[in-house]
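FYI, it's all coordinate maths here, none of it is from the lab. Quantities reported herein were computed from a predicted structural model and do not represent experimental measurements. A quick note on method: Cβ atoms are made from the backbone with ideal geometry, for glycine too, and the neighbour counts reach across all protein chains shown.
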Amino acid sequence: MEIRLLKYFIALANHESVSAAAQFLHVSQPSLSRQLSDFEKELGAVLFIRGNRKITLTEEGAFLLKKAKEIVELVDKTEANFNQSAEIISGEIYIGGGETDAMHLIAKALKSLLEEHPGIQFHLYSGNADDIAEKLDSGLLDFGVVIEPADKQKYDFLKIPATDVWGVLMRKDSSLANKLSIHPNDLLDKPLLISRQTAVSNELSGWFGQNIQDLNVVATYNLIYNAALMVEENIGYALGLDKLINTTGDSKLCFKPLEPGMEANLNVVWKKNQVFSNASKEFLDQLRRTIEVHSS
């Protein structure tokens with residue numbers, strides 16, 4: 001399976017037109033059509049449904065598109081880190097992270113790193129611990145910033161000296177807004193929005209003292225920004241971390257901590273026995289120095 005053909009396939013899937021994809025790739029339409037047809041024969045699968053006006057993906061095509069993007073991204077990432085000068089530390093660093101105020105610490109480390117090595121470029125990906133683990137395992141990320149609870153058995157990790165506080169995001173005119181903290185019984189009859197992260201669901205089940213599935217969960221979310229919009233529209237109460245959504249001034253929302261309290265520790269993780277690029281080594285060293293200064 002050639003990388004070139006995967007790039008052709010991605011271009012056609014994105015443009016939904018042979019002519020538009022051929023123009024984007026600077027190849028002729030007959031050549032692109034022939035090569036992708038041969039590609040389908042090689043795989044023994046139909047990847048496209050060829051309509052009058054546009055081309056759409058089959059189920060097999062949609063599956064391949066996801067994998068093709070990961071493969072091409074990994075190849076590009078690897079090539080970028082090989083094409084670096086021996087004298088000048090450069091290259092690309094891929095960092096994934098959940099929504100947490102502790103990303104300020106990561107930002108400080110990256111700022112210091114760029115001041116010393118301006119040839120380094122970093123790429124940020126936002127997602128929960130399940131998303132980050134998938135991309136770490138496939139090699140698409142160098143580092144992940146994960147909020148506990150998270151399974152760290154497969155990874156080496158560096159503990160971040162910060163904690164996030166769990167609580168409930170709600171409207172300021174809600175029936176619970178006057179409470180200083182929120183107890184499990186306060187939410188038993190309320191419509192809830194919770195993170196779809198597996199480990200978080202398990203921990204919240206422990207806090208509630210019952211299975212999450214037995215509660216009135218009206219929605220799950222991956223990142224809390226969109227969940228906050230649902231809360232604004234009075235759809236329900238979102239369980240999440242503090243300091244991620246603005247609740248000051250004219251905001252319609254407020255945040256109340258859980259009681260008994262629930263805090264989340266944070267870690268930077270990477271695959272065990274990972275061979276780092278020079279840029280990634282420098283980032284990890286700089287992060288350790290930044291944490292040392294922050295802790296002193």
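Think of each Lys and Arg Cβ as +1 and each Asp and Glu Cβ as -1; about the Cα centre, that makes the dipole of segment 1-121 roughly 560 debye. Counting only lysines at least 8 places from Lys69 when in the same chain, those with an alpha carbon closer than 17 Å to its own are Lys7, Lys77, Lys135. Multiplying the residue separation of Lys67 and Gln29 by 0.36 nm and removing their Cα-Cα distance gives an extension gain of 11.2 nm. In this structure the amide hydrogen of Ala238, modeled in the peptide plane, comes within under 5 Å of the amide hydrogens of Leu169, Leu193, none closer than 5 places in sequence on its chain.
Computed from Cα positions, the angle between helix 59-82 and the longest principal axis of the chain comes to roughly 90 degrees. Could you point to the residue in Leu114, Leu47, Phe208 farthest towards the positive end of the chain's charge dipole, with +1 and -1 charges on the Cβ of Lys/Arg and Asp/Glu respectively? Towards the positive end, the residue furthest out is Leu47. In the chain, a dipole from Cβ-located charges (positive for Lys and Arg, negative for Asp and Glu) runs towards its positive end, and of His294, Ile95, Thr163 it is Ile95 whose Cα lies farthest in that direction.
For Arg289 and Asp151, the difference between the fully extended length at 0.36 nm per residue and the C-alpha to C-alpha distance is 47.1 nm.
In straight-distance terms, cross-link reach from Lys108 covers every one of the lysines whose alpha-carbon lies under 17 Å from its own, apart from those fewer than eight places away in the same chain; here that gives Lys159, Lys281.
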